[in-house]
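Read the structure below first, then the notes.
The values are calculated or read from the model by the stated rules, or taken from the named source; none is laboratory data. Just so it is clear, the structure is predicted and the values come from calculations on it, not from any experiment. Note: ideal-geometry Cβ built from the backbone for every residue, glycine included; neighbour counts use all protein chains shown.
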Amino acid sequence: MGLMNTMRTRMHIILWILLILFIGSMTVGGLVGGADIVNQLFGRVDISKAIAVVNGEAIPPDLFFHQLDHRLEQSRAQGVEVDDRSLDFERERIFNELIETTIINQQIAERKIKVSADEIYYELVNNPPQTLMTIPDFQTDGAFDQAKYLEALRNPQGDEWLPIEDYVRQYLPRQKLFNELRAGIHISDDEVRTEFTLQNIEYTVSALIVSAGKFTEDEFEPTNDEMENYYFLNSEKFKQDEQRVLSYVEWRKAPSQEDTLLAQETASDILSRLDEGSDFAELADEYSEDPGNRAPDGSGRGGDLGWFGRGQMVSQFEEAAFAAGKGTVVGPVQTDFGLHIIQVRDHRKNNDGEEEIQASHILLKIEMGPSTRESIRSKAVQFSFDVEDFGFTEAVSRNGSQLREVPPFTENVAFLPKFGYLPEPVKFAFSNGLGAISEVIESDQQFVIFRLDSVITAGMKEYGTVRNQIASTLRSEKRLTGAKSSADELRSKLRNEESFKALADSDEKVQFVGPVSAKLGSSFQKIGRHESVIGALLGAEIGEILPPVETSQAYVVLKLEGRQDFDESEWEVRKDVIRKGLLTQRENEAIGNWIRELRENADIVDNRKYYF
């Protein structure tokens, strides 16, 4: 009875953990609701009831935000600060999880996959959820005790197992679905043997490398006709999504003179306390804002910097520290990091006769205070009032502001040049018409007001804008073709008994490598690791000079000098493990590709823009 009471007491914790596992493995099952039948019939869904619609099935916003809130609570409980970037990351991750879960559940329904009570019981007996295995009541000496677990499972005292049964009932259909997908996947003996060879057999090669980079661009300048033909024959490469162009005025965030004075006052207070006999290390732990002053357990390091020589610190810090005598305190010294109060604890000469000092410091950062931030923001707000009164261009002129431009960008970006991660202006640009003016937007470094200046429609990029890109591509292709021709000639000469090294010495475009040895699963010195090289060597005979093999921007002529013998006894020991690893990899790839294809072909309505 005590065990069952313990389970009931802890059930809310168990349920939360199971829910996390449930969501993490994309198994929300029946939690995903459906759209109103009338709206489905007419292809309409009330956006207040659906943050997304997948093949006509609605994902309720409550489900999305419930999971988001819980995920954020987890992060905060672990001491992780939730900023705008991490918030957007979690939103994106949960949204994708729910989309894929809905698609999988639709496949389960379409295939009429069911689970019986016997199957649920079998799963609980033979594959208990990991969370249950960590409950102390099911453990002996800290390890999971199968007998204790089965005793509790077979002798329920109430309804304590129902939530766990529900959890298993949700994930088993997905497991059965994936087992169906795995059923047709097999690994042949030849594949296992090849993988064993890649991991264990050492190959020795000599090689001549002909790099395309050794050929000058002038030798392969494309003609106008070649570039125009490339443009029209490769139109898919030059398609572009709709883009927007913004101009903006910014007000940079920076500490004011008042902020500097506040830091200096704190430094003066610290120096006064030191004069009165306070301990430097204790003051460092109390005041220093150097992240390095915190040990992993959260305790302070007393500002200790250890021993260091010249050239290891910024110049202002170094000059003040090395000029001070043993046992003295200097500062405050201002650097880009802030104000430093430095205690020089000792001087010495190292083994090379160079001077070193042992020091501690207290760092006081000079940071923008709340009043400074508000003062800067108020300038941006005043500018927005001027825009309302006089228009954007006149406001720029009246305020003496500098107008800057953001290069064209698409709707799916979150990083903007000079701003970094800042999704707000992207959302603004694709939600408004030409000439629209944004509200004041705050980034890490500035306050900004944007104007939407132009819209670049989707379609092919104009030839003039990609001409240089095409020219560069054709030059690279021509140089690679030149490298191939040169490599073909080298192979012919090698087959006529000329030596590798002699051919390399006679041509500055050719590099000789060898003999070098490596397993095919790793990398050959100077050649690298390339699937083309692996494929060529797997089928080669010892002493064979292989046809030129293309690598990244080069062609390589290889000669197989030697190869370790295949160890049949080791193969017998390892083949089953290798087969299992290959099978797992192929199964995961197959399931991933299957889900990806279903998602690409799904009819998905994304309503997130109405929610955030």
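I'm trying to understand the selection: among the residues of segment 210-234, which are of a type in the set (S, T, Y), part of a helix (DSSP H, G or I) and within 14 Å of Q553 (Cα to Cα)?
Taking segment 210-234 as the starting set, the residues that turn out to be of a type in the set (S, T, Y) are 211, 216, 223, 230-231.
Still in the list and also part of a helix (DSSP H, G or I): 230-231.
Within segment 210-234, none qualify.
Confirm whether K609 is in contact with a Ser or Thr (Cβ under 8 Å, 6 or more places away or on another chain), in a helix (DSSP H, G or I) and farther than 20 Å from R174 by Cβ.
yes
Report yes if some residue within segment 159-169 is basic (K, R) and at pLDDT 90 or above; otherwise report no.
no
Among (1) in contact (Cβ under 8 Å) with a residue 24 or more places away in the chain; (2) hydrophobic (A, V, I, L, M, F, W, C); (3) assigned to a loop (DSSP other than H, G, I, E, B), which single condition is A540 missing?
It fails just one condition, (1).
Which count do you get for residues in segment 543-566 that are in a loop (DSSP other than H, G, I, E, B) and in contact with a Phe, Trp or Tyr (Cβ under 6 Å, 6 or more places away or on another chain)? Talk me through it step by step, then tell me what you get.
First, the residues of segment 543-566 that are in a loop (DSSP other than H, G, I, E, B): 543-544, 546-548, 552-553, 564-566.
Next, from what is left, pick out any that are in contact with a Phe, Trp or Tyr (Cβ under 6 Å, 6 or more places away or on another chain): 548.
So the count comes out to 1.
Any idea how many residues of segment 301-344 are among the charged types (D, E, K, R) and within 21 Å of P291 (Cα to Cα)? Even if it seems obvious, please write down each step before you answer.
Here is the first cut: in segment 301-344, the residues among the charged types (D, E, K, R) are 301, 304, 310, 318-319, 326, 336.
Now restrict to residues that are within 21 Å of P291 (Cα to Cα): 301, 304, 318, 336.
Result for segment 301-344: 4.
Does at least one position in segment 247-254 carry a residue that is acidic (D, E), assigned to a strand (DSSP E or B) and either surrounded by fewer than 14 Cβ atoms within 10 Å (Cβ to Cβ) or within 31 Å of the chain's Cα centre (by Cα) (or both)? Show your work before the answer.
Keep residues of segment 247-254 that are acidic (D, E), which gives 250.
With assigned to a strand (DSSP E or B) added as a condition, the list becomes 250.
With the extra rule that they be either surrounded by fewer than 14 Cβ atoms within 10 Å (Cβ to Cβ) or within 31 Å of the chain's Cα centre (by Cα) (or both), the set shrinks to 250.
Within segment 247-254, one or more residues are acidic (D, E), assigned to a strand (DSSP E or B) and either surrounded by fewer than 14 Cβ atoms within 10 Å (Cβ to Cβ) or within 31 Å of the chain's Cα centre (by Cα) (or both).
Step by step: first the residues of segment 382-394, then only those that are out of contact with any strand residue (DSSP E or B) (no Cβ under 8 Å at 6 or more places or on another chain) and either surrounded by 15 or more Cβ atoms within 10 Å (Cβ to Cβ) or of a type in the set (F, W, Y) (or both), then the one that is nearest to I441 (Cα to Cα). Which residue is that?
Kept after step one, since they are out of contact with any strand residue (DSSP E or B) (no Cβ under 8 Å at 6 or more places or on another chain), are these residues of segment 382-394: 382, 385-386, 388-391, 393-394.
Right, trim to either surrounded by 15 or more Cβ atoms within 10 Å (Cβ to Cβ) or of a type in the set (F, W, Y) (or both) and you get 385-386, 390.
Numbers: F385: 15, D386: 16, F390: 20 Å.
Ranking the candidates gives F385 first.
Just to check your reading of the model, which residue among I449, I366, I362 is closer than 30 Å to A324 by Cβ and at pLDDT 95 or above? It would help to see each step written out before you state the result.
On the way: I449 fails: closer than 30 Å to A324 by Cβ; I366 fails: at pLDDT 95 or above.
Going through I449, I366, I362 in turn, just one is closer than 30 Å to A324 by Cβ and at pLDDT 95 or above: I362.
Scan segment 47-58 and report the pairs whose first residue is at negative phi and whose second residue is surrounded by 18 or more Cβ atoms within 10 Å (Cβ to Cβ) and hydroxyl-bearing (S, T, Y), with Cβ atoms within less than 7 Å and a gap of 6+ or a chain change.
V54/T102; E57/T102
Taking the condition of being more than 33 Å from the chain's Cα centre (by Cα) and assigned to a helix (DSSP H, G or I), how many residues in segment 180-195 meet it?
So the answer is 3.
Would you say P156 is in a helix (DSSP H, G or I) and in contact (Cβ under 8 Å) with a residue 24 or more places away in the chain? Lay out the reasoning, then the answer.
Numbers: in a helix (DSSP H, G or I): no; in contact (Cβ under 8 Å) with a residue 24 or more places away in the chain: yes.
Spelling it out, it is not the case that P156 is in a helix (DSSP H, G or I) and in contact (Cβ under 8 Å) with a residue 24 or more places away in the chain.
Anything in segment 144-194 that is acidic (D, E) and closer than 21 Å to I595 by Cα? List them, or say none. Give the derivation first.
First, the residues of segment 144-194 that are acidic (D, E): 145, 151, 159-160, 165-166, 180, 189-191.
Matches in segment 144-194: E180 only.
Might you check whether a residue that is farther than 30 Å from F500 by Cβ, out of contact with any His (no Cβ under 6 Å at 6 or more places or on another chain) and not assigned by TED's automatic domain parsing to the domain that holds E544 occurs anywhere in segment 197-216?
No, the conditions are met nowhere in segment 197-216.
Scan segment 587-612 for residues that are of a type outside the set (A, V, I, L, M, F, W, C), closer than 15 Å to H186 by Cβ and touching a helix residue (DSSP H, G or I) at 6+ places or on another chain (Cβ under 9 Å) and jot them down.
E587
Within segment 513-557, work out how many residues are exposed (fewer than 15 other Cβ atoms within 10 Å of the Cβ) and more than 35 Å from the chain's Cα centre (by Cα).
7
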